Amino acid sequence: MFNTFFSFLIKPTEVTKEILSFDNKTKDIVTVSIVVLYFISWQLLAYMMLPELYLLWISALSVVTAFAMSFIGFYSFNLGMQLFGKAIGGKGSFRDVSVVTAYSMFIYVILTPLISIVSKVLWLGFIGTASMLIPLVWFLIIYSKSLSQAQQFSETKVLVNVLVVGGIFYFIIAVLPKLGL
């Protein structure tokens, strides 16, 4: 299975079929494991880039709360992706959408710690932060291909799905608090 992670990063369309054939327990374990590793990798990045700000943030918001928020955000986003995907003709289950999202996030699990350590060691600052665009672009490519397989629809519908659900989540997370709601 570990080989599946790395194969997925190179040929997501082919490997998605294998991932979707896993039994439900395996899908759930893999999904939760990747989300945990993703959370840890971003905590490392935050600490490596701005340790003083990170320590202030961590004292204001417990790690447990941040961890719970990560899971709630992950599963809420996937629920939105699955429901809106179904509304536009998708056939994937919530579990399938969640597992391909998690597999797509695996690129962050690998590259985030490496980029943060290299940036810190070489004092890259903004360049190191900007280099996070590499995993983002890679994530978007493999996510669109794998979600297309899971939902059994075109990558154009994947784009519509991501833009609508992502827009709603952006509105909830970024806009509503500024409006005082």
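Below are the figures for this structure:
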quantity: Those residues of the range 1-33 whose amide nitrogen sits under 18 Å from the label point placed on Ile141, 7 Å along Cα→Cβ; calculated: 5-16
quantity: Within the range 67-111, trypsin sites (Lys or Arg not before Pro) in DSSP loop having at most 14 other beta-carbon neighbours inside 10 Å; calculated: Lys91
quantity: Greater than 21 Å apart at Cα, pairs in Lys27/Lys91; Lys25/Lys86; Lys11/Lys86; Lys25/Lys157; calculated: Lys25/Lys86; Lys11/Lys86; Lys25/Lys157
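All of the numbers you see were taken from the coordinates with simple rules; none came from a lab. Just so we're clear, the structure is a prediction, and the values are computed from it rather than from any experiment. Don't worry about glycine lacking a Cβ; one is built from the backbone with ideal geometry, like all the others, and counts go over all protein chains shown.
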